[in-house]
Amino acid sequence: MVYRRKTPSSDFAFMVANYSDGKHPLDQYSKVSEALDAAARLPGLSASAMC
């Protein structure tokens, strides 16, 4: 799942829910394309979860 949030500097950050390592469940990216690429590489993620 890809989440978008507004940062304190009014930019957007994109987070990917990554529970594969169990340590840090959200990986952060500054560009949506990077977040979508990372989400597509995760095992078991369906295409509908990336929208």
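The values are calculated or read from the model by the stated rules, or taken from the named source; none is laboratory data. Since the model is a prediction, treat every value here as computed from it, not as a measurement. Cβ atoms come from the backbone with ideal geometry, glycine included; neighbour counts cover every protein chain shown.
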For this session: With the condition kept exactly as written, say whether any residue in segment 6-21 is at pLDDT 95 or above, surrounded by fewer than 11 Cβ atoms within 10 Å (Cβ to Cβ), among the basic types (Lys, Arg) and not in a helix (DSSP H, G or I).
Result: yes
Exercise. What pairs can you find where one residue is in segment 9-29 and in contact (Cβ under 8 Å) with a residue 12 or more places away in the chain, the other is acidic (Asp, Glu) and surrounded by 15 or more Cβ atoms within 10 Å (Cβ to Cβ), and their Cβ atoms are less than 8 Å apart, with a gap of 6+ or different chains?
Worked result: Met15/Asp27; Val16/Asp27; Asn18/Asp27
Exercise. How many residues are out of contact with any helix residue (DSSP H, G or I) (no Cβ under 6 Å at 6 or more places or on another chain) and either at pLDDT below 50 or hydrophobic (A, V, I, L, M, F, W, C) (or both) if we restrict to segment 31-44?
Worked result: 5
